Each structure stands twice: as structure tokens, then as C-alpha cells.
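**Student:** Mind having a look at this structure? Questions to follow.
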Amino acid sequence: MTGLQKARQFLGVGFAFPLQIDPATGQFAFSAYEANVQQSIFTILSTAKGERVMVPDFGCGMHDRVFSPNTATQSNAVAADVREALTRWEPRIDLLDVSVTVGGTQGEVLLIVIDYRIRANNAFYNTVYPFFVNDPQTLATQESVLAISGS
């Protein structure tokens, strides 16, 4: 077994995210190696702190900012939350850069660009995680509920 194969084995194998059934085997689908690392990043960022009962610190604090104004300060705070979460919960990577840009037709999504290097094989990767803030439909629903309860 070569050094690269050993390094890839270190990256591990885990359940695919989102959880799904492999049509060929009828069993749970798995992800391996680099794909497992990327799916782990998505799991960390998709989990709000306090959501996992037995590990309440697991996840990313950006979910507390979902209804905050979409400003440069908000983008910087989200980037800091992402850095903190990935540094703490994903030891297989070196985080190189996190940048946040506003997207969507009404600025309702933050596009979080994550550049990282996998420690085991020094391969560079990047991924984009869309984080929806101030979703117009959710806000319209909340405003109608507030209007009904306020009258």
C-alpha cells in the first residue's frame, strides 16, 4: 500500500450526506475520502449549535444570525463563525480562507466560499455553501402572523 493510499484511508468513510439509500445495494450510501471531508464540512455548517443533544457545542453559530440585517458586518461575523466551527470540528483540513458574498435576487443568500487543504495529502479544495438569510417567503409569513396577532 502506497503512502497516498494510507493517507486517503485516514480521511475515512462515513454515511453519505444527506442520508440516502444506495440503489445498487439497498443499504445506506457511504462517502469516502475527500468526498467524506466535504460532506463533513456541510454537516458542520448545516448544524446549529445546540441542535445535537449529546454534543451541544457541535455545529456553527451562524444560524443565530439568520434574521439579522444582511450587511458587511453580518458577512464578516458569518465568516468568523465558519472559521471557528471548521477549525474546531474538522481536524482533517487546514482552513486557508473563508469569504462571504451576498447572492440571490433580493440578497437573501450568503455564498460562503471555503478554501481548504486536506492535511493527509496536501490536496487543495474549495466548496461553496449557500446560507439563506432573510428568506422573502419566510419573512412574508412571519409578517402576516405578526399582523394577525397584533390586530
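Rule-based calculations on the coordinates, nothing more; no lab input. Keep in mind it's a predicted model, so treat the numbers as computed, not measured. Ideal geometry is used to build each Cβ from the backbone, glycine not excepted, and the neighbour counts take in all protein chains shown.
**Student:** Extending each Cα 7 Å along its Cβ direction at residue 92 and residue 111, get the distance between those two points in nm, one decimal.
**Tutor:** 2.7
**Student:** Where does each of 75, 99 land when they are ranked from fewest to most other beta-carbon atoms within 10 angstrom? Show your work: numbers first, answer last.
**Tutor:** Working: 75 19, 99 14.
Ranked by crowding around the Cβ, least crowded first: 99, 75.
**Student:** Multiplying the sequence separation of residue 51 and residue 27 by 0.36 nm and subtracting their Cα-Cα distance, what value in nm do you get? Kindly include the intermediate steps, with their values, before the conclusion.
**Tutor:** Values: separation 24, 0.36 × 24 = 8.64 nm, distance 2.65 nm.
Here the answer is 6.0 nm.
**Student:** Something else: What does the charge add up to near residue 98, with Lys and Arg as +1, Asp and Glu as -1, over the other residues with Cβ less than 11 Å from its Cβ? Mind dumping the intermediate values first?
**Tutor:** On the way: positive: 83; negative: 81, 84, 97, 115.
Taking every Cβ under 11 Å from that of residue 98, the sum is -3.
**Student:** Can you list residues whose amide H is under 5 Å from residue 133's amide H, if they're 5+ apart or on another chain and H is modeled 1.01 Å from N?
**Tutor:** Excluding prolines and chain starts, which carry no amide H, the hits are 109, 110.
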